[in-house]
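Scroll down for the structure; my scribbles are underneath it.
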Amino acid sequence: TQLLEQSPQFLSIQEGENLTVYCNSSSVFSSLQWYRQEPGEGPVLLVTVVTGGEVKKLKRLTFQFGDARKDSSLHITAAQPGDTGLYLCAGVSGGGADGLTFGKGTHLIIQP
Amino acid sequence: DSGVTQTPKHLITATGQRVTLRCSPRSGDLSVYWYQQSLDQGLQFLIQYYNGEERAKGNILERFSAQQFPDLHSELNLSSLELGDSALYFCASRDHRGRPSFGPGTRLTVT
């Protein structure tokens, strides 16, 4: 069974600070996705990383896929209260026919 | 708006009962995925359908079943409900490029 471990589980920081959350697995995935979920809503896809070592930027968010395609990180610069939410990583198995394997997520709170 | 619709939004029922959750995928998407989200287990893949046929199974209990109809909407049937089945149930669809879209979910409470 492929598992994704996310850390930290909870993170509460002040507006303007930087933070990094991690997603680790002992398994190799063909690609990895990051989602953000707000209370009462479904997850929303932020980014997909495919190539080992790949770095993608989405405004203040930087996503990195590990060289071995087993781990990933999300770095947020100058966090804002609007960044508050549950951040989920999900591994995509080869072929993409199977469902996603999700980590349990990082609950992020940005305090004004 | 994700384009994926789910009904009902909330459902409260008693143990032992049976319920049906409904999902309509984003227009043009042929794939439908069902997920269960609980506090202790997180988001778990249950089952996938593609153009009316079952494509993959995840951690779906034998008490649960699903189907996808010719108009591509899907239903998830949960029977002999237990307290532990209380969770958020999400439906997602994927386009031809593999881009997923999740619905708003159905919150099931079993009392």
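The values are calculated or read from the model by the stated rules, or taken from the named source; none is laboratory data. These numbers were taken from a predicted model, which means no experiment stands behind them. Cβ atoms come from the backbone with ideal geometry, glycine included; neighbour counts cover every protein chain shown. Side chains are part of the model used for accessible areas, which takes the heavy atoms of the whole protein and leaves out ligands, DNA and RNA. Shrake-Rupley method; radii C 1.70, N 1.55, O 1.52, S 1.80 Å.
Please arrange A:His75, B:His96, B:His10 by accessible surface area, largest first, computed with a 1.4 Å probe and ligands excluded. Don't skip to the answer; put the middle values down first.
Details: A:His75 60, B:His96 170, B:His10 120 Å².
Correct descending sequence by accessible area is B:His96, B:His10, A:His75.
Distant-in-sequence amide contacts of A:Val47, defined by a placed amide H-H separation under 5 Å and a gap of 5 or more residues or a different chain, comprise A:Trp34. Of the residues B:Glu62, A:Glu17, A:Glu5, A:Glu54, ranked by 1.4 Å probe accessible area with the largest first, the sequence reads B:Glu62, A:Glu5, A:Glu17, A:Glu54. Between the listed residues A:Gln33, A:Ala68, A:Pro43, the Cα displaced farthest toward the positive end of the dipole of the stretch A:23-95, a dipole computed from Cβ unit charges relative to the Cα centre, is found at A:Ala68.
Between A:Ser26 and B:Asn59, the FRET efficiency estimated from the beta carbon spacing at R0 = 22 angstrom works out to 0.70.
Counting Cβ atoms of other protein chains within 10 Å of each residue's Cβ and taking the mean over peptide B:40-47 gives 5. Note down the accessible area of B:Leu61, probe 1.4 Å, to the nearest 10 Å². Taking all protein chains as shown, B:Leu61 has close to 80 Å². A cut-off of 5 Å between modelled amide H atoms, ignoring neighbours fewer than 5 places along the same chain, links B:Ala66 with B:Asn77.
Counting Lys and Arg as +1 and Asp and Glu as -1 over every other residue whose Cβ lies under 15 Å from the Cβ of A:Ala78, the net charge comes to 0. Note on chain A: with a GNM built from Cα contacts shorter than 10 Å, the maximum mean-square fluctuation among A:Gln37, A:Gln14, A:Gln64 falls on A:Gln14. Would you mind checking the stretch A:44-80 for residues with the amide N under 16 Å from a putative spin-label position 7 Å along Cα→C-beta of A:Ile13? A:58-64, A:73-80, by backbone N distance to the label point.
Per residue, the accessible area of chain A comes to 48 Å², computed with a 1.4 Å probe over protein heavy atoms only. Would you list, by chain and number, the lysines whose Cα falls below 24 Å from the Cα of A:Lys104, excluding same-chain residues fewer than 8 positions away? Output for A:Lys104: A:Lys56, A:Lys57, A:Lys70, B:Lys9, B:Lys57.
Exposure check, 1.4 Å probe, all protein chains in place: A:Asp71 carries approximately 60 Å² of accessible surface.
Residues A:Leu46, A:Leu74 ordered from highest to lowest accessible area at a 1.4 Å probe: A:Leu46, A:Leu74.
Counting Lys +1, Arg +1, Asp -1, Glu -1, what net charge surrounds A:Val28 among other residues with beta carbon under 13 Å of its beta carbon?
Details: positive: A:Arg69, A:Lys70; negative: A:Asp67, A:Asp71.
My count for the surroundings of A:Val28 gives 0.
Let me know the charge dipole size of chain A about its Cα centre in debye, to the nearest 20, where only the beta-carbon of Lys, Arg (+1) and Asp, Glu (-1) is charged. Don't skip to the answer; put the middle values down first.
On the way: 8 positive and 10 negative charges, 39 e Å.
Value, rounded to 20: 180 debye.
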